[in-house]
Amino acid sequence: SEFDLFQSDCFFILGWGDEIRWVQTYEEGLSKMEESNKPLMVIHHLEDCPHSQALRKVFAENKDIQRLTKEFIMLNLVHETGDDNLAPDGYYVPRILFIDPSKTVRGDITGKYANHMYTYEPTDMDVCDDGEHDKSQDTASFGAVARTAPASADTATELLSPGSDYNLHS
């Protein structure tokens, strides 16, 4: 079964919720994404960052988020990967990016801040629940990306770029 595919080689990270199964590396996440055809959710955070701690608490307490994470390959990073494509508007925490199975960073799924587009605060987590497109912010919700086909190149940033450390389109 699909559960068996991930059960043996995923691990749990304390504080983010008991139901989330995490992959251990970016490369493993990309591989699991290809195997399962599920999008990859990458959460960049720092353990001692108060904003990251607040986001982690909401993830752990929100049942809708816990349920929704089953629709994704989940990657939790406290160290950068070295791939600038995972920092399209800079290196900051917390930030959440989505990569669809075509290996494209979803540029249409962003938070509400123009200067840190991939930042989500605890009060922003209602975007996870409804799966509807938020027309006021022109961003898609977490739920919507779990149910949509891969983004087209005109609505997202291609993951592979000149000088990238990863040959993702092999």
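The values are calculated or read from the model by the stated rules, or taken from the named source; none is laboratory data. Keep in mind that what you see is a predicted model, and the values were worked out from it rather than measured. Here Cβ is always computed from backbone atoms with ideal geometry, including for glycine, and neighbour counts include all displayed protein chains. Please note that ligands, DNA and RNA were not included when accessible areas were found on the heavy atoms of the full protein model with its side chains. Shrake-Rupley method; radii C 1.70, N 1.55, O 1.52, S 1.80 Å.
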note = In whole Å, largest first, the alpha carbons of segment 7-113 cover along the principal axes 33, 33, 23
inquiry  = How charged is the neighbourhood of residue 86? Take every other residue with its Cβ under 10 Å from the Cβ of residue 86, and add Lys/Arg as +1 and Asp/Glu as -1.
reply    = -2
query = Using a 1.4 Å probe, how large is the accessible area of residue 116, given in Å² and rounded to the nearest 10?
reply = 70 Å²
remark   = Once 102, 52 are ranked on solvent-accessible area with the largest value leading and a 1.4 Å probe, the list reads 102, 52
Additional length obtainable on full extension of the chain from residue 37 to residue 25, 0.36 nm per residue less Cα span = 2.6 nm
